[in-house]
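Please treat every number below as a calculation from the coordinates, not as lab data. These numbers were taken from a predicted model, which means no experiment stands behind them. For neighbour counting, all protein chains shown are included, and Cβ atoms are generated from backbone atoms with ideal geometry for every residue, glycine included.
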């Protein structure tokens, strides 16, 4: 059974709610960011010194970037839970200027039918002088793999971005996943600071209130103020949840998206 946990910039060690029989597989994604506008947007989450019961981690900026706060979510899997496959891919335009926006990810073993695939961001490096636009998506999913896309648009300058991914059987019980976006509730040309919507699980059954992993998969934010984003959920029950993607202060949020996984 997967375990969900979160960490933020005030912590350096994460103890799992229960120890695993061996070192787990971990996927992690950024869900809250508060970063100064006066330098490039540079932030990454890193996991290290993994044991059966804990992991050390950092959410860090570099060079002259000012990181006021950040939160990341972790999806932890037992090494014996073979239903799930996970991985990461980095698009590094600093070292490889021709690095493609789309790459084919081959699964280490095929699924019986095309799986569910979710993607999310855990490393961002964007130029400060143009609006911050970045998204990651999964496309062309089949039993052997999928295409992972890390893209920007307009005049945004991307230096580096890294996306994590999780794939699982489409008929796996007691799990629900969905990509949500502020544009589900209002257009990008009408920026506002708070947006939310209810999700009903419909045909997915949960035997208790599910744990919920949430991480950002896209952003479109004006560079004239600090980058402030917070993706989170509340009102979680066995049948529904409410998602929120907010900004605050003078940040202008055109759009942002997140990946949600609810599971028992």
Segment 1-80: relative contact order as a whole-number percent, Cα under 8 Å and 6+ apart: 48 percent
Consider a paramagnetic label point 7 Å from the Cα of residue 99 along Cα→Cβ; state which residues of segment 49-75 have an amide N under 20 Å from it. 58-65
For segment 82-172, what value does the Rg/Rh ratio take when both radii are computed over Cα atoms and Rh is the Kirkwood radius, given to two decimals? 1.03
Taking only the alpha carbons of segment 176-257, what extent do you get along each of the three principal axes, in Å, biggest first? 46, 20, 18
Whole-number Å³ per residue for the convex hull built on Cα positions in segment 1-80: 79 Å³
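Rank these for me by crowding, 180, 157, going from fewest to most other beta carbons within 10 Å.
Numbers: 180 23, 157 15.
Fewest to most other Cβ atoms nearby, the residues stand as 157, 180.
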As a test of the definition: which semi-axes, in Å, follow for the chain when you take the square root of five times each eigenvalue of its alpha carbon gyration tensor? Largest first, please. 28, 21, 20
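Order by neighbour count: 263, 84, fewest other Cβ atoms within 10 Å first, most last. The partial results should precede the final answer.
Values: 263 21, 84 18.
Least crowded to most crowded, the residues run 84, 263.
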